[in-house]
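Input: a single structure, listed below in structure tokens.
The values are calculated or read from the model by the stated rules, or taken from the named source; none is laboratory data. Bear in mind the structure is a predicted one, so any value in this text is a computation, not a measurement. All Cβ positions, even for glycine, are placed from backbone atoms using ideal geometry, and neighbour counts span all protein chains on display. The area values use the complete protein model at the heavy-atom level, side chains included, leaving out ligands, DNA and RNA. Shrake-Rupley method; radii C 1.70, N 1.55, O 1.52, S 1.80 Å.
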Amino acid sequence: PRESSPVYTGPITVEKTTAVRARAFKEGLLGSKTDSKTFLIDIPHTLPVVSLITDPPNLFDHDYGIYVVGNGQKVGDIEYQNANFQKDWEREVHFEYFDESGKQGVSLDAGIRIFGAFSRFKDQKGFSIRARERYGSATIDYPFFDTRPYTSYKSITLRAGAQDCTRSKIRDIVITDLVRETTTLDVAAYKQSVVYINGQYWGIYNIREKINKYMLAQHHNLSNPENIDLIVGDATALVGSTDNYKQMINYVTSNEANINDPEVYKTITDWVDVENFADWCIAEIWSNNTDLGNIKYWREKTPDGKWRWILYDFCWGMYNPEQDAMARLTNPEGMGVGNGISTVLLRTLLKNNEFKELFLTRFAYHMENTFATDRVLAKIDECAGMIEDEIGRDRERWDNGTAESWRNSQIAKMENFAKVRNEYCLYHVKQYFGLSDDEMMRR
């Protein structure tokens, strides 16, 4: 509110879902802190509700809004050069969270940014919410996630499903949650919810832990979030530097010919958590993730700190169950878009007899446990079931079909993938390693 806003002189009537903001002004004094409240009227949600309240220009102004194209120009079919939503702008927002019963759990001022990569081009965009002292609170204090013991977060993300937002909306949470209990891979917890912006329904979102230095420090009991190297893609540092990782890759590359030398392999295993790495590769292979540029890995900067992997972003997973992802991850030309991600670490390690046996043993374990057909189908059913009552409204909001088309097309595709993928995966592994039926059965 500004001094030109409507003046409160008596009770106001709220008849539909509305965001209300109030602020006091007095001549000669600074305006008070703005108070914000959301009134959810006659809207029976079975999911938690997130309400975002902000001055509309913060999101939608042509020059200032972070949600719009602005002065960006279209290049090709999807890309907007210099679009507002591609810029790392932050605006102030009031964030409210209501649990499944309608009880308010969080109400605070924070920063909001557009979140994601190519999903920024979607009509339903993701957000990151960041607590900062300048807004009034350094943390978001609430136990959002049933699978985490934490009650406080520096930031969270609101993910609409990214490039899966017009399809299933659950691919990423299904795959990452399947590995949460059976590996040491870092994954972001989730809570399915709906979002309102200034009282307007904005659809289904997944509240997620934000994958950053604070999450890693929290998960691993690290006293200093800055004392890590966190890398994305093919060696771009998000925190720290790439020096140690590049030294490791150079060592692996230069020792490819003698990778079965016990001293060489021990040097690598002192440098890399090889079981963690094998599990990351297996999860990517099983899910047939074709967007392999989304790779993050990290280590604590201590003498015994090992490189470990983070599993995230499966918008393009669980399609085409017959495809050979084992070949994709061992392609000498690289993997990911334009083969831009090196595969040298996996290809070299697989030439070591000890790692090969570890890889095959872990592969067999995951086929029988992590990705067992019944377990995958149950996780799909759980995640789809949570949004079943809400998906029709989400589809209507974004002009994206019906609840029936969602269930019969997108969810059915995931279920079919789960039913046949293991057979194809095992065949591809057998072919790659040249294993006999007896050798396959021994694992």
Accessible carbon and sulfur surface of segment 125-176 relative to its total accessible area, %, 1.4 Å: 42 percent
Yeah, segment 90-148 with a ≥ b ≥ c from its alpha-carbon gyration tensor (a/c under 1.5 is rounded, else prolate when a/b outruns b/c, oblate otherwise) is oblate
Quick one: check the C-alpha center-to-center distance for segment 135-208 versus segment 374-390, whole angstrom. 16 Å
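Which value at 222 nm does the chain reach when only helices count, each DSSP H run of 4 or more adding -39,500 (n - 2.57), with the total divided by all residues and rounded to the nearest 500 deg cm²/dmol?
-9000 deg cm²/dmol
Give me the percent of the accessible area of segment 307-351 that comes from carbon and sulfur atoms, probe 1.4 Å, all protein chains in place. Show your work: numbers first, answer last.
Values: 780 of 1570 Å².
The value for segment 307-351 is 50 percent carbon and sulfur by accessible area.
For segment 266-391, calculate the relative contact order in percent as a whole number, restricting contacts to Cα pairs under 8 Å that are 6 or more residues apart.
For segment 266-391, the relative contact order is 23 percent.
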Listed residue pairs exceeding 30 Å between alpha carbons, taken from Lys266/Lys430; Lys169/Lys296; Lys301/Lys356; Lys26/Lys125: Lys26/Lys125
Convex hull over the Cα atoms of segment 112-213, averaged projected area in nm²? 7.3 nm²
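When the expected Rg is taken as 2.2 N^0.38 Å, what fraction or multiple of it is the alpha-carbon Rg of the chain?
That ratio works out to 1.08.
For segment 362-425, with every protein chain kept in place, what is the accessible area per residue (1.4 Å probe, Å²)? All intermediate terms of the calculation are to be shown ahead of the outcome.
Values: 3100 Å² over 64 residues.
In whole numbers, segment 362-425 has 48 Å² accessible per residue.
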Below 8 Å, C-alpha to C-alpha, sequence gap of six or more: please give me the relative contact order for the chain in percent. 12 percent
Enter the accessible area per residue of segment 55-200 (Å², integer; probe 1.4 Å; all protein chains in place). 40 Å²
What whole-number value in Å² describes the accessible area per residue of segment 234-295 for a 1.4 Å probe? 40 Å²
Residue (of Pro225, His428, Gly65) at the positive-pole extreme of the chain, dipole from beta-carbon charges: Gly65
Which of Asn206, Ser405, Leu292, positive extreme of dipole for the chain (C-beta unit charges): Asn206
At 1.4 Å probe size, with the rest of the protein present, what percent of the exposed accessible area of segment 393-436 is carbon and sulfur atoms? 46 percent
I need the shape label for segment 219-333. Rule: rounded when a/c is under 1.5, else prolate if a/b > b/c, else oblate, with a, b, c from the alpha carbon gyration tensor. oblate
What is the distance in Å between the Cα centres of segment 319-345 and segment 232-273? 19 Å
